[in-house]
Amino acid sequence: MSVVKITLPDGSSRDYPLGVKGIEIAQSISEGLARNALSIEVNGEIWDLSRAINADASIKIFTWNDKGGKYAFWHSSAHLFAEALEALYPGVKFGIGPPIDNGFYYDVDLGETPFGDEELLAVEKKMLELARTNSQFVRRDVSKQEAVEYFTKKADPYKLELIDGLADGSITFYQQGNFVDLCRGPHIPSTGPIKAIKLLSVAGAYWRGNEKNKMLKRIYGITFPKQKELEEYLYMLEEAKKRDHRKLGKELELFAFSEKVGMGLPLWLPKGTILRERLEQFMRRAQIRAGYEPVVTPHIGSKQLYVTSGHYEKYGKDSFQPIKTPDESEEFLLKPMNCPHHCEIYKVKPRSYKDLPIRYAEFGTVYRYEQSGELHGLTRVRGFTQDDAHIFCRPDQVKSEFIKVIDLVLFVFKSLGFENYTAQVSLRDPENKAKYIGEDELWDRAELEIQEAADERGLKTVAVKGEAAFYGPKLDFMVKDALGRSWQLGTIQVDYQLPQRFELEYIGSDNQKHTPVMIHRAPFGSLERFIAVLIEHCAGNFPVWLAPEQIAVLPISERFNEYGQKVLDILKERDIRGFLDDRNEKIGRKIRDAEVSKVPFMLLVGEKEAFEDKVAVRKHGEGDKGVMDLSDFVATFSKDFALPS
Ligand SMILES: [Zn+2]
Ligand SMILES: [Zn+2]
């Protein structure tokens, strides 16, 4: 009997009979795995568990906890949706129905039939009913002719158009219950595991994304193996809506956009500016302690600067175009990167190996063109400020510099309450070394040292081959926010190219000229993006040291406004930020308003407080902290008011 050699993720391998199915491999490993298995990766491709494996293969069995498992689960849910829709609306035509990051959608042509929330609920109910029948997803190879005949009979122009673009011999159908779809798969074994279903919304979508085509209905949904998981997801969606930085940015008066100023160009309002400046102060201090030197460079640079750096060739066409001056020989570019300017600072005088490392830091505002459809709040903008720095060092200093930057990044995360983070080490593609610039030995060494640096700092990392830029390996940080969503934040990037292009040098201990290594790094990434993530992470409840307004002084009645003003003045002397609510309003109303604007401390003042020089302290989200002397209040919470260190 012939056999296939199956290699498992741990590197071990076993022989199985030719034509073994994923589900059988799962069973041979454990009953539990077989019960939870949803799909299988075979040589990098996701397959059905019921598909025969006819050659040696590396495999990985996916459950709900894997992306590949969810992918098959949601793809199968899209088919279940279509089956239910067709049962309720015979004659409905189908476009495409893929799985997405969270759930799936299906583009459908319902003609003029109205379709809203009520209809979504009815389809949801039908889906649950059909799921319970636990019908199997059956894969079948069909000839192009058979496929055309099937969908001609069904009169589905969209599927026919899709088939038209497929080669004969590559076409497969999937069937569950009475529903047949043109599909490459993969699918879960049967509909039974789909236990919780929510159809989320209906949107319009042109067939094949072309506005000349018919507008179809795009119906979004999500499914889970357990009801509880669906409930958690829906709660998360609600919470994400409440925390949306665009919504909170407006409510808390942090930033705004104006069409007159231009799309994607944020305007920082006074409160947002305080927040931003506080973050800058925090970073500046941490950087000075870590041996960085601040520099300042202009917002534009001559086109030649970016021709030298290579940015012009690479991005010139798709970005803001050169700025002309009355002198026709001159052309400038809005700064898309700070690095070239910093290279020129390095070059102002000769450097020796003893001078290195040199670390230049700048809150550098850069401008990059993004298509208007890509713009999104503060996370995708056309002008933003990087907490940028460039480290010029010797090859033997790469590791220690990485360790220092990792420490700085982790300090930032800790100070701002990001407890959940990982990092990705992006390495060369070992099969394709020729496409990378820089000496082979330098790469080998840097890749090893980046990993060592991360390990020494206890950073959880995944190494990904082929993800490095052509000019150097890098380390990217991912944080999980309070809702469990992942964001890419800071990055540390080695660069062997720019120092060559700018002919940077230092004199080594051997008295010879050498090229320094350049490291780009930005722990926040950009202030705009970081603040967006921070707003959504803390729901606008900033740590006290960062809050635009740290205290609200609330007189019980107008009689105590004068004492309230005195309290505010004293606190301002101590660099504490806040305001006096001297409106003629009931105290309950003043407290509610202060809660809504998320001010961390409320200081209530009335008869007793005014007479004894005290304040009654309430903390946002925590409530009453008691009546205390003003100086005691400052002393008790002084750590909260100060920059973290
Ligand atoms: Zn499909
Ligand atoms: Zn840079």
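The values are calculated or read from the model by the stated rules, or taken from the named source; none is laboratory data. Worth saying up front: this structure is predicted, and the values here are computed from it rather than measured. Every residue, glycine as well, gets a Cβ built from its backbone with ideal geometry; the counts of neighbours run over all protein chains shown. Just so you know, the surface numbers come from the protein's heavy atoms only, side chains and all, with ligands and any DNA or RNA stripped out. Shrake-Rupley method; radii C 1.70, N 1.55, O 1.52, S 1.80 Å.
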Pairs where the first residue, in the range 482-498, is assigned to a strand (DSSP E or B) and the second is away from ligand 2 (no atom under 13 Å from the Cβ) and among the aromatic types (F, W, Y), C-beta under 6 Å, 6+ apart: L489/F477; G490/F477
Per the filter on the range 220-237, residues among the aromatic types (F, W, Y) and open to solvent by 70 Å² or more (accessible area, probe 1.4 Å) are Y235
I need the full set of residues from the range 47-100 which are farther than 16 Å from H187 by Cα and of a type in the set (K, R), in order please. K93
Just to verify a result, which residue in the range 516-531, among those that are more than 12 Å from G364 (Cα to Cα) and open to solvent by 10 Å² or more (accessible area, probe 1.4 Å), is farthest from ligand 1 (Cβ to nearest atom)? H520
Mind listing just one residue for me: the one in the range 28-39 that is within 20 Å of K70 (Cα to Cα) and hydrophobic (A, V, I, L, M, F, W, C) and, of those, most open to solvent (accessible area, probe 1.4 Å)? L33
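Looking only at residues that are open to solvent by 80 Å² or more (accessible area, probe 1.4 Å) and more than 28 Å from Q136 (Cβ to Cβ) in the range 5-14, which one is modelled with the lowest pLDDT?
In this case the residue turns out to be D10.
Within the bounds of the range 395-415, is there any residue that is assigned to a loop (DSSP other than H, G, I, E, B) and either under 30 Å from L643 (Cβ atoms) or out of contact with any strand residue (DSSP E or B) (no Cβ under 6 Å at 6 or more places or on another chain) (or both)? Working first, answer last.
First, the residues of the range 395-415 that are assigned to a loop (DSSP other than H, G, I, E, B): none.
No.
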Of the residues in the range 422-469, those that are among the hydrophobic types (A, V, I, L, M, F, W, C), open to solvent by 60 Å² or more (accessible area, probe 1.4 Å) and not in a strand (DSSP E or B) come to A434, L448
Sole exception among (1) within 16 Å of ligand 2 (Cβ to nearest atom); (2) more than 15 Å from F524 (Cβ to Cβ) for A423, by number: (1)
So, restricting to strands (runs of 3 or more DSSP E) that lie completely within the range 560-645, which ones have at least 1 residues that are open to solvent by 30 Å² or more (accessible area, probe 1.4 Å) and closer than 27 Å to L416 by Cα? 578-580, 614-619, 623-629
For I25, are the conditions met, namely being within 28 Å of P99 (Cα to Cα), open to solvent by 20 Å² or more (accessible area, probe 1.4 Å), out of contact with any Lys or Arg (no Cβ under 7 Å at 6 or more places or on another chain) and not hydroxyl-bearing (S, T, Y)? no
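Could you look through the range 203-226, keep only residues that are basic (K, R) and part of a strand (DSSP E or B), and pick out the one that is farthest from F73 (Cα to Cα)? Can you show your working first?
As a first pass, look at the range 203-226 and keep what is basic (K, R): 208, 212, 214, 217-218, 226.
If we keep only those that are part of a strand (DSSP E or B) too, we end up with 217-218.
Details: K217: 22, R218: 19 Å.
Once the filter is applied, the top-ranked residue is K217.
Evaluate the following for I163: is it within 16 Å of ligand 1 (Cβ to nearest atom) and within 29 Å of I222 (Cβ to Cβ)? Step through it out loud before you land on a result.
Values: within 16 Å of ligand 1 (Cβ to nearest atom): yes; within 29 Å of I222 (Cβ to Cβ): yes.
Yes, satisfied.
Can you name every residue in the range 217-248 that is over 17 Å from P193 (Cα atoms) and either of a type in the set (V, I, T) or touching a Pro at 6+ places or on another chain (Cβ under 9 Å) (or both)? Spell out how you get there, then give the answer.
Keep residues of the range 217-248 that are over 17 Å from P193 (Cα atoms), which gives 217-220, 232-248.
I219 - this is the single residue of the range 217-248 that is over 17 Å from P193 (Cα atoms) and either of a type in the set (V, I, T) or touching a Pro at 6+ places or on another chain (Cβ under 9 Å) (or both).
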Lone qualifier among L275, L252, L248 - being open to solvent by less than 40 Å² (accessible area, probe 1.4 Å) and touching a helix residue (DSSP H, G or I) at 6+ places or on another chain (Cβ under 6 Å): L248
So which residues in the range 75-91 are open to solvent by 10 Å² or more (accessible area, probe 1.4 Å) and either within 14 Å of ligand 1 (Cβ to nearest atom) or not small (G, A, S) (or both), if there are any at all? H75, E83, E86, L88, Y89, P90
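Working carefully through the options K242, K217, find the one that is open to solvent by 40 Å² or more (accessible area, probe 1.4 Å), of a type in the set (K, R) and more than 18 Å from G97 (Cα to Cα).
On the way: K217 fails: more than 18 Å from G97 (Cα to Cα).
The unique qualifying residue is K242.
Could you tell me which of the residues G417, G373 is open to solvent by 10 Å² or more (accessible area, probe 1.4 Å), more than 25 Å from Y292 (Cβ to Cβ) and among the small types (G, A, S)? Full working, then the answer.
Details: G417 fails: more than 25 Å from Y292 (Cβ to Cβ).
Exactly one of G417, G373 is open to solvent by 10 Å² or more (accessible area, probe 1.4 Å), more than 25 Å from Y292 (Cβ to Cβ) and among the small types (G, A, S), namely G373.
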Tell me the residue from A642, A594 that is small (G, A, S), touching a Phe, Trp or Tyr at 6+ places or on another chain (Cβ under 8 Å) and closer than 25 Å to C538 by Cβ, please. A642
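Could you tell me which residue of the range 323-369 is most open to solvent (accessible area, probe 1.4 Å), considering only residues that are charged (D, E, K, R) and closer than 28 Å to L267 by Cβ?
K324
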Looking at (1) surrounded by 21 or more Cβ atoms within 10 Å (Cβ to Cβ); (2) without any contact (Cβ under 8 Å) to a residue 60 or more places away in the chain, find the lone condition where K399 falls short. (1)
Flagged in the range 501-529 as more than 16 Å from ligand 2 (Cβ to nearest atom) and out of contact with any Leu (no Cβ under 9 Å at 6 or more places or on another chain), in numbering order, are E503, E505, I507, G508, S509, D510, N511, Q512, K513, H514
When V307 is run through (1) among the β-branched types (V, I, T); (2) outside any loop (DSSP other than H, G, I, E, B); (3) within 16 Å of ligand 2 (Cβ to nearest atom), the failure sits at (3)
Answer yes or no: is there a residue in the range 314-332 that is in contact with a strand residue (DSSP E or B) (Cβ under 6 Å, 6 or more places away or on another chain) and either part of a helix (DSSP H, G or I) or within 16 Å of ligand 1 (Cβ to nearest atom) (or both). no
Looking at the range 368-392, I want the residues that are under 19 Å from Q321 (Cβ atoms) and more than 16 Å from ligand 2 (Cβ to nearest atom) and have a partner that is open to solvent by 30 Å² or more (accessible area, probe 1.4 Å) and acidic (D, E) with Cβ atoms under 7 Å, at least 6 apart or on another chain. Which pairs are those? Y369/D318; R382/E370
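For residues that are among the small types (G, A, S) and either surrounded by 23 or more Cβ atoms within 10 Å (Cβ to Cβ) or out of contact with any helix residue (DSSP H, G or I) (no Cβ under 9 Å at 6 or more places or on another chain) (or both), scanning just the range 532-556, find the one that is farthest from E622 (Cα to Cα).
Our first condition is that a residue be among the small types (G, A, S); within the range 532-556, this holds for 532, 539-540, 547, 552.
Still in the running and either surrounded by 23 or more Cβ atoms within 10 Å (Cβ to Cβ) or out of contact with any helix residue (DSSP H, G or I) (no Cβ under 9 Å at 6 or more places or on another chain) (or both): 532, 547, 552.
Values: A532: 25, A547: 16, A552: 15 Å.
The qualifying residue farthest from E622 (Cα to Cα) is A532.
Within the range 60-74, track down each residue that is more than 21 Å from I96 (Cα to Cα) and either within 16 Å of ligand 1 (Cβ to nearest atom) or surrounded by fewer than 21 Cβ atoms within 10 Å (Cβ to Cβ) (or both). Break it down into steps so the answer makes sense when it comes.
Filtering the range 60-74 for residues more than 21 Å from I96 (Cα to Cα) gives 60-66.
Scanning the range 60-74 gives K60, T63, W64, N65, D66.
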